[in-house]
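Everything below concerns the one structure shown next.
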Amino acid sequence: MLSDRGSKSSFKRKHNSASVYWFIFCGDAVLLDEAGSVPVAAACPVALQPWQTVFELPPLDGVECRGVALDAPFTQEASWHHVGLREAYRLMPLAQYERAGKARELLYWDAQTRFCGVCGAPMKRHTEISKRCTQCGKEVWPQLATAVIVAIERADELLMVRARNFRADYYGLVAGFVETGETLEECVQREVREETGLEITDLRYFASQPWPYPCGLMVGFTARYASGQLHLQRSELRDARWVKAADMPRVPGRMSIARRLIDDWLDRQGRADVKERLNDF
Ligand SMILES: [Zn+2]
């Protein structure tokens, strides 16, 4: 909501709570205690330096949340560990994980906007989600990199691809970043055409998901095959294939919208049994 931008009160709350959830990051790794929770304490359990900025985040179940980035991992508590945010999904309560994603995005934005892009002077925090240049007054807010992802079906098959940048040996869905000057729908059609040589029809919005790796928004769609032969863009894809429900390969974990799209397709195929058997990582 644009009208919220720059509002000094947007994240302000009463500071009457004895405990705070502390989202303490080192790089993309969040600090978790032995129970897989972020530390809960009235004061930050890590001694902070004057230049380290604490971000206020929306509360969880009435408990205040704050985020801070460390230059080096916290090692004072033997049973606490920094865990990469993707991996932390399996350890943390879901609501905490989602808040951790927001914290990570804000801290990343903070680190990337120390100086003004116009005049080079230092930027200063203006609100919880904006900064202002100390010289020229330019104002900046966290920016999202928007990407689309699409589940394309043809009869009883789903188009699955193995991207070059996938770290593991699994198959996902066609996806790509939105370019300037194009609509989400144009982006889906372009990505599908570029990566696979196919044309699609019946493009429908499915859902969206914040993707804090480091500052993304994934917008999911479903579509049906219209025409064309599979012709891979080798710079992007290792493989692409039409897959039946019974032949599902390893797929992305349940944290991803890719998996939600795949699960939705399996549901519509009447194959909830396959969905339950699939890996989760
Ligand atoms: Zn400036």
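Read the figures in this text as sums done on the coordinates, not as results from a lab. This structure is a prediction, so every number in the text was calculated from the model and none was measured. Heads up, the Cβs are rebuilt from the backbone with ideal geometry, glycines too, and the neighbour counts pull from every protein chain shown.
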Worksheet entry | Cα→Cβ-extended label distance, 7 Å offset, between VAL118 and GLU185, nm | 3.6 nm
Worksheet, complete the sentence: Residue separation between ASP267 and CYS44 times 0.36 nm, minus their alpha-carbon distance, gives in nm 75.8 nm
Item to complete: Quick one: which residues, 5+ away or cross-chain, put their amide H under 5 Å from the amide H of ALA121? H built at 1.01 Å from N.
Response: CYS116
Worksheet, complete the sentence: Amide H proximity to ASP239 below 5 Å, modelled H, separation 5+ or other chain, gives ARG162
Practice prompt. Once you have the Cα-Cα distance between ALA111 and ALA18, take 0.36 nm times their residue separation minus that, and quote the gain in nm to one decimal.
Written response: 30.6 nm
Response to the item:
Per residue, the convex hull enclosing the alpha carbons of the range 150-281 has a volume in Å³ of 107 Å³
Response to the item:
For SER227, placing the label point 7 angstrom along Cα-to-beta-carbon and taking the range 184-207, residues whose amide nitrogen sits under 18 Å are 189-203
Worksheet item: Which whole-Hz ³J(HN,Hα) couplings does the range 154-167 yield from phi under the Karplus relation 6.51 cos²θ - 1.76 cosθ + 1.60, θ = phi - 60°, glycine and proline marked x?
Response: 9, 6, 9, 10, 10, 7, 10, 10, 10, 7, 5, 8, 5, 7
Response to the item:
Expected vector for the range 233-245, Karplus 3J(HN,Hα) from phi with 6.51, -1.76, 1.60 and θ = phi - 60°, integer Hz, x for Gly and Pro, equals 7, 5, 5, 9, 10, 7, 7, 8, 7, 7, 10, 8, 4
Worksheet entry | Nitroxide proxy distance, nm - points 7 Å out along Cα→Cβ at SER235 and ASP247 | 3.0 nm
Discussion item. Loop-only chymotrypsin sites (Phe, Trp or Tyr not before Pro) in the range 35-123, please: DSSP not H, G, I, E or B, and at most 13 other Cβ atoms within 10 Å.
Written reply: TRP51
Response to the item:
All alpha-carbon distances of the range 17-111, grouped into 5 Å bins from 0, give the whole-percent distribution 3, 15, 28, 29, 19, 6, 0
Practice prompt. At 7 Å along the Cα-to-beta-carbon direction for both ALA168 and GLU34, put a label point, then send me their distance in nm to one decimal.
Written response: 2.8 nm
Worksheet item: Quick one: how many lysine pairs in the chain have C-alpha atoms under 20 angstrom apart, if they're 8 or more apart or on different chains?
Response: 10
Worksheet item: What percent do you get for the relative contact order of the chain when only Cα pairs under 8 Å and 6+ apart count?
Response: 14 percent
Worksheet item: Under the Karplus relation 6.51 cos²θ - 1.76 cosθ + 1.60, θ = phi - 60°, what is the ordered set of whole-Hz ³J(HN,Hα) values for the range 268-274, x standing for Gly and Pro?
Response: 5, 7, x, 10, 4, 4, 5
